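**Student:** This is the structure I want to talk about, given as structure tokens.
The values are calculated or read from the model by the stated rules, or taken from the named source; none is laboratory data. These numbers come from a predicted model, not from an experiment. We place every Cβ from the backbone using ideal geometry, glycine too, and count neighbours over all the protein chains shown. Calculation scope for accessible area: heavy atoms of the full protein, side chains included, ligands and nucleic acids excluded. Shrake-Rupley method; radii C 1.70, N 1.55, O 1.52, S 1.80 Å.
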Amino acid sequence: MGIFSSGISPELKTFLEAEDLDDLMEARSKLWQLDEKDIKKIRFILQKWNSPQAVSNLLFHPFLIPEDLRASCLLRGLREKKEPYYILASIVGLQGVDPTVFPKEQRKTIKEYLISVLKVSEGIISARASVTIYDYLSLEDASTAFELLSHPNEAVRHNILCWLIRTIEESDPGTFISIANSSNIPEDTRKEAIKKFQEHLRQKEIGECSLFGTQLYAYIPNLKEM
């Protein structure tokens, strides 16, 4: 008898076993309401934390996780050491959660883990983290964000620069240049960031569409592709 033995709804079984992310999305759309047995099974899976596909699927869609476990499971996913797909699933899952539902200290912890992920990861995990982190950064984090402009991943560099421009452009434009000049980044990276910021302001002034108004969303692989 496996973790998907009789007792749970066929809809939840399909969701937990889905290996393709498109199939997962379709399965999620058919999960209108969880009964007591379904919720008990979800709790059991998350407590065991040893079924990569099922755990990942739940982290991708955290509103299926009981509210009292949701934050702790997402944080556990971010801290994961053995299964990197849990990290990716938690990062993507957080994109659909209003950060204000977390207490201030939890938001701070999530931000710190996302920054850590960005500093040590180079692929899809960092690319997606550079999107999720938008809701957790503030102007006080601008210097840290500038340092991420040296990241090897193009999507990360673009998304972080987008955040910096969006965050700083409404204040004195000189603030961007000032923080850039005081940041611990290579000279060529600093000059390029300032150049792109000034180009953004020029395009905005003449009514053109700026490339830095849109984030880049990298393709999410399935678990077997990771």
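**Student:** Can you find a residue that is open to solvent by 10 Å² or more (accessible area, probe 1.4 Å) and in contact with a Pro (Cβ under 8 Å, 6 or more places away or on another chain) anywhere in the stretch 54-69?
**Tutor:** no
**Student:** Test Thr189 against the criterion of being touching a helix residue (DSSP H, G or I) at 6+ places or on another chain (Cβ under 6 Å), in a helix (DSSP H, G or I) and farther than 20 Å from Tyr217 by Cα, and give yes or no.
**Tutor:** Considered against the rule, which asks whether it is touching a helix residue (DSSP H, G or I) at 6+ places or on another chain (Cβ under 6 Å), in a helix (DSSP H, G or I) and farther than 20 Å from Tyr217 by Cα, Thr189 comes out as yes.
**Student:** Please determine, by comparing only the residues of the stretch 168-226 that are closer than 30 Å to Asn57 by Cα, polar (S, T, N, Q) and at pLDDT below 95, which one is surrounded by the fewest Cβ atoms within 10 Å (Cβ to Cβ). Walk me through it before giving the result.
**Tutor:** In the first step, residues of the stretch 168-226 are kept if they are closer than 30 Å to Asn57 by Cα; the result is 214-226.
From what is left, the residues that are polar (S, T, N, Q) are 214-215, 222.
Those left that are additionally at pLDDT below 95: 214-215.
Numbers: Thr214: 11, Gln215: 15.
Here the answer is Thr214.
**Student:** Going through the stretch 120-141 one residue at a time, which ones are assigned to a helix (DSSP H, G or I) and surrounded by fewer than 19 Cβ atoms within 10 Å (Cβ to Cβ)? Can you show your working first?
**Tutor:** First, pick out the residues of the stretch 120-141 that are assigned to a helix (DSSP H, G or I): 120, 124-136, 139-141.
Across the stretch 120-141, the qualifying residues are Val120, Tyr134, Asp135, Leu139, Glu140, Asp141.
**Student:** May I ask you to list pairs of residues, at least six apart or on different chains, whose Cβ atoms are under 7 Å apart, with the first in the stretch 202-214 being assigned to a helix (DSSP H, G or I) and the second being surrounded by 12 or more Cβ atoms within 10 Å (Cβ to Cβ) and not hydroxyl-bearing (Ser, Thr, Tyr)?
**Tutor:** From residues that are assigned to a helix (DSSP H, G or I), the pairs are Phe212/Leu161; Phe212/Cys162; Phe212/Ile165; Phe212/Lys196; Phe212/His200.
**Student:** Further question: Looking at Ile177 and the list (1) without any contact (Cβ under 8 Å) to a residue 12 or more places away in the chain; (2) in a helix (DSSP H, G or I); (3) not basic (Lys, Arg), which single condition is not satisfied?
**Tutor:** Of the numbered conditions (1) without any contact (Cβ under 8 Å) to a residue 12 or more places away in the chain; (2) in a helix (DSSP H, G or I); (3) not basic (Lys, Arg), the odd one out for Ile177 is (1).
**Student:** If the Cβ limit is 7 Å and pairs must be 6+ apart or interchain, which residue in the stretch 69-84 that is under 19 Å from Arg43 (Cβ atoms) and without any contact (Cβ under 8 Å) to a residue 40 or more places away in the chain pairs with which residue that is not aliphatic (A, V, I, L, M) and not in a helix (DSSP H, G or I)?
**Tutor:** If the second residue must be not aliphatic (A, V, I, L, M) and not in a helix (DSSP H, G or I), the pairs left are Ala71/Phe102.
**Student:** Only one of these conditions is not met by Gly96: (1) over 19 Å from the mean Cα position of the chain (by Cα); (2) open to solvent by less than 90 Å² (accessible area, probe 1.4 Å); (3) at pLDDT below 95. Which number is it?
**Tutor:** (1)
**Student:** Which one of these does Gln47 not meet: (1) exposed (fewer than 14 other Cβ atoms within 10 Å of the Cβ); (2) modelled with pLDDT under 95; (3) closer than 24 Å to Asp20 by Cα?
**Tutor:** Condition (2) is where Gln47 drops out.
**Student:** I want to confirm something. Restricting to the stretch 4-44 and keeping residues that are assigned to a loop (DSSP other than H, G, I, E, B) and surrounded by 15 or more Cβ atoms within 10 Å (Cβ to Cβ), which single residue is modelled with the highest pLDDT? I'd like the intermediate steps shown before the answer.
**Tutor:** Of all residues in the stretch 4-44, those assigned to a loop (DSSP other than H, G, I, E, B) come to 4-5, 7, 9, 18-20, 30-35.
Now restrict to residues that are surrounded by 15 or more Cβ atoms within 10 Å (Cβ to Cβ): 4, 9, 18, 31, 34.
Details: Phe4: 54, Ser9: 94, Ala18: 98, Leu31: 93, Leu34: 93.
Among residues in the stretch 4-44 that are assigned to a loop (DSSP other than H, G, I, E, B) and surrounded by 15 or more Cβ atoms within 10 Å (Cβ to Cβ), the one modelled with the highest pLDDT is Ala18.
**Student:** Still on this model: Could you go through the stretch 110-119 and let me know if any residue there is modelled with pLDDT under 95 and open to solvent by 60 Å² or more (accessible area, probe 1.4 Å).
**Tutor:** Within the stretch 110-119, one or more residues are modelled with pLDDT under 95 and open to solvent by 60 Å² or more (accessible area, probe 1.4 Å).
**Student:** Given the residues Phe102, Phe146, which is the only one that is in contact (Cβ under 8 Å) with a residue 40 or more places away in the chain, open to solvent by less than 30 Å² (accessible area, probe 1.4 Å) and aromatic (Phe, Trp, Tyr)?
**Tutor:** Numbers: Phe102 fails: in contact (Cβ under 8 Å) with a residue 40 or more places away in the chain.
Residue meeting the stated conditions: Phe146.
**Student:** Of Leu69, Leu58, which residue is more than 14 Å from the chain's Cα centre (by Cα) and closer than 20 Å to Lys30 by Cα? Reasoning before the result, please.
**Tutor:** Values: Leu69 fails: closer than 20 Å to Lys30 by Cα.
Leu58 is the lone residue from the list that is more than 14 Å from the chain's Cα centre (by Cα) and closer than 20 Å to Lys30 by Cα.
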